[in-house]
Amino acid sequence: MDSSFLVVAFLFSFSLFSNGERTLKFVNVLYRHGDRSPIRAYPTDPNNESAWPQGFGQLSKEGMKQHYELGQFLKKRYTGFLSERYNRHEIFIRSTDEDRTLMSAEANLAGMFPPTGSDMFHPDLKWQPIPVHTVPEDEDRLLAFPLHDCPRYAQLMNETEKTDIFVNMTEKYKAFIEMVRENTGLEKVNIANIWSVYDTLFCEKTHNITHPGWVNQSVVETLKVLNDFSYQILFGVYKREEKCRLQGGLLLDQIIKNLSNATELNSQQKVKMIVYSAHDTTVVALQEALNVFNGLQPPYASCHLIELYHEGNGNFSVEMFYRNGTNASELHTVSLPGCSQRCPLQDFVDLTREVIPQDWQKRVSDKKGNHTHC
């Protein structure tokens, strides 16, 4: 290997992981899957499921490439922290039980840990199998947001549709929504479900499929505005903290436990990184729980990093970064409201306490019969 590369790699890893007495101890990674085919087609769409090589909702070759490149990015960033070779004790990967997230995780790992030397089991294949864990979708309480088997959340979403901002948006775009309904052949189109039309058109444009005549640039731009708003109302806009306690707070709670476990200096646990492969709604759920969501649908292969550092004074701090563009090399710093970008771990825990669920599965009602838990 070129000696200049070794010097650069050493200096990079030293500055990131051992800056003086400050040491990186643990990383939690959450990313969205890569480019895919549409989830569904609208009734008048001439492109049905057979137009896509593997059908609806499936990772494309471009999506595989995006995650392979993200894996290379993560490998470079954490050179000197993770071992050069795959070590099952250092990294744990969990995915939702969807083809596109499982395959994204596998493509990502191919970029992170290409086998060399004795790790290669076939001379013509620079790839090695690495386990990706999952649970059935109906049992997933960690990554498959929004969770729909929660009466209180359903009630909050119904209340959200009665808020001024939702009503005003509906009125403002009433004629546009009716135009979309007529052209798509859908029985019902509203602010909450119009994202599916945008999704279909976005996927088709990405894959160079010609749009029908009613779809021009103005239509696409308006659909994007409504699409982003549909993500904002899922876990925010109205009663954000309560929505988050029922949704993204579950994931944040687990991440905080992961961070806390990593502070046990005498622990035999060697896990340095936990990776979650999931969806745009998962990223939004977490970022709303952290109150750092930028209001825009997370793009393919977007990635939220939460890093735990051991400071020279014995304390621990948390830093967050967001890679919000496919193939982007730049990381955007993310600061928890009320804390600095380098946030003391205890402050991080205290500032997020209000969105951490205490008993998610407890089903109780108040005096009016309203659900107050899931």
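The values are calculated or read from the model by the stated rules, or taken from the named source; none is laboratory data. Remember, predicted model here, so these are calculated numbers, not experimental data. We place every Cβ from the backbone using ideal geometry, glycine too, and count neighbours over all the protein chains shown.
Quick one: would you say ASP99 is over 30 Å from THR184 (Cα atoms), surrounded by fewer than 21 Cβ atoms within 10 Å (Cβ to Cβ) and under 20 Å from the mean Cα position of the chain (by Cα)? In short, no.
For TRP127, the conditions (1) more than 30 Å from LEU82 (Cβ to Cβ); (2) surrounded by 14 or more Cβ atoms within 10 Å (Cβ to Cβ) all hold with the exception of (1). Only residues that are surrounded by fewer than 16 Cβ atoms within 10 Å (Cβ to Cβ), part of a helix (DSSP H, G or I) and among the basic types (Lys, Arg) were counted across region 179-197, and they come to 0.
Quick one: how many residues across region 290-319 are closer than 20 Å to THR352 by Cβ and among the hydroxyl-bearing types (Ser, Thr, Tyr)? Residues that pass the stated criteria total 2.
Condition test on ASN190, is it more than 30 Å from the chain's Cα centre (by Cα), within 28 Å of TYR300 (Cβ to Cβ) and in the same structural domain as ILE233 (by TED's automatic domain parsing)?
Values: more than 30 Å from the chain's Cα centre (by Cα): no; within 28 Å of TYR300 (Cβ to Cβ): yes; in the same structural domain as ILE233 (by TED's automatic domain parsing): yes.
No.
Whenever a residue of region 328-353 is without any contact (Cβ under 8 Å) to a residue 60 or more places away in the chain, its partners that are in a helix (DSSP H, G or I) and of a type outside the set (D, E, K, R), lying with C-beta atoms within less than 7 angstrom and at least six residues away or across chains, give the pairs LEU336/PHE348; LEU336/LEU351; GLY338/LEU351; CYS339/PHE348; CYS339/LEU351. Candidates are the residues of region 300-337 that are in a loop (DSSP other than H, G, I, E, B) and modelled with pLDDT of 95 or more; the one that is surrounded by the most Cβ atoms within 10 Å (Cβ to Cβ) is ALA301.
Of all the residues that make up region 85-134, how many are among the polar types (S, T, N, Q), in a helix (DSSP H, G or I) and either under 24 Å from GLU62 (Cβ atoms) or touching a Lys or Arg at 6+ places or on another chain (Cβ under 9 Å) (or both)? Reasoning before the result, please.
If we filter region 85-134 for residues that are among the polar types (S, T, N, Q), which is where we start, we get 87, 95-96, 101, 104, 108, 116, 118, 128, 134.
Narrowing further to those that are in a helix (DSSP H, G or I): 101, 104, 108, 118.
Within this subset, residues satisfying the condition of being either under 24 Å from GLU62 (Cβ atoms) or touching a Lys or Arg at 6+ places or on another chain (Cβ under 9 Å) (or both) are 101, 104, 108.
Count: 3.
Of all the listed residues (VAL283, VAL275), the sole one being aliphatic (A, V, I, L, M), crowded, with 21+ Cβ neighbours inside 10 Å and touching a Leu at 6+ places or on another chain (Cβ under 7 Å) is VAL283. Filtered by the rule that a residue be within 15 Å of the chain's Cα centre (by Cα) and over 13 Å from SER277 (Cβ atoms), region 131-146 gives ARG141, PHE145, PRO146.
Of these, GLU242, GLU221, GLU204, which one is in contact with an Asp or Glu (Cβ under 9 Å, 6 or more places away or on another chain) and acidic (Asp, Glu)? Before you say what the answer is, go through the steps one by one.
On the way: GLU242 fails: in contact with an Asp or Glu (Cβ under 9 Å, 6 or more places away or on another chain); GLU221 fails: in contact with an Asp or Glu (Cβ under 9 Å, 6 or more places away or on another chain).
Exactly one residue qualifies, and that residue is GLU204.
Just to verify a result, which residue in region 203-218, among those that are over 19 Å from the mean Cα position of the chain (by Cα) and in contact (Cβ under 8 Å) with a residue 12 or more places away in the chain, is surrounded by the most Cβ atoms within 10 Å (Cβ to Cβ)? Give the steps one after another, and end with the answer.
Applying the first criterion (over 19 Å from the mean Cα position of the chain (by Cα)) to region 203-218 yields 204-218.
Then keep just the ones that are in contact (Cβ under 8 Å) with a residue 12 or more places away in the chain; that gives 204-207, 209, 212, 214-215.
Values: GLU204: 21, LYS205: 13, THR206: 15, HIS207: 15, ILE209: 16, PRO212: 13, TRP214: 12, VAL215: 17.
Applying the filter and picking the extreme gives GLU204.
Would you mind stating whether ALA262 is hydrophobic (A, V, I, L, M, F, W, C), in contact with a Gly (Cβ under 7 Å, 6 or more places away or on another chain) and surrounded by 21 or more Cβ atoms within 10 Å (Cβ to Cβ)? So ALA262 fails the test.
Table: residues versus (1) over 24 Å from VAL135 (Cβ atoms); (2) of a type in the set (S, T, N, Q); (3) surrounded by fewer than 20 Cβ atoms within 10 Å (Cβ to Cβ).
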residue	(1), (2), (3)
ALA51	yes, no, yes
SER60	yes, yes, no
SER83	yes, yes, yes
ARG88	no, no, yes
GLU106	no, no, no
PRO114	yes, no, yes
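Out of everything in region 228-240 that is under 17 Å from the mean Cα position of the chain (by Cα) and assigned to a helix (DSSP H, G or I), what residue ends up being surrounded by the fewest Cβ atoms within 10 Å (Cβ to Cβ)?
Of region 228-240, the ones under 17 Å from the mean Cα position of the chain (by Cα) are 228, 230-236.
Those left that are additionally assigned to a helix (DSSP H, G or I): 228, 230-235.
Values: ASP228: 15, SER230: 19, TYR231: 21, GLN232: 20, ILE233: 19, LEU234: 22, PHE235: 30.
Result: ASP228.
Only one entry of THR170, THR200, THR222 meets the criterion of being over 20 Å from TYR300 (Cβ atoms), touching a residue at least 24 places away in the same chain (Cβ under 8 Å) and in a helix (DSSP H, G or I), and that entry is THR222.
LEU143 meets all of the listed conditions (1) touching a strand residue (DSSP E or B) at 6+ places or on another chain (Cβ under 6 Å); (2) surrounded by fewer than 17 Cβ atoms within 10 Å (Cβ to Cβ); (3) in a loop (DSSP other than H, G, I, E, B) but one, namely (2).
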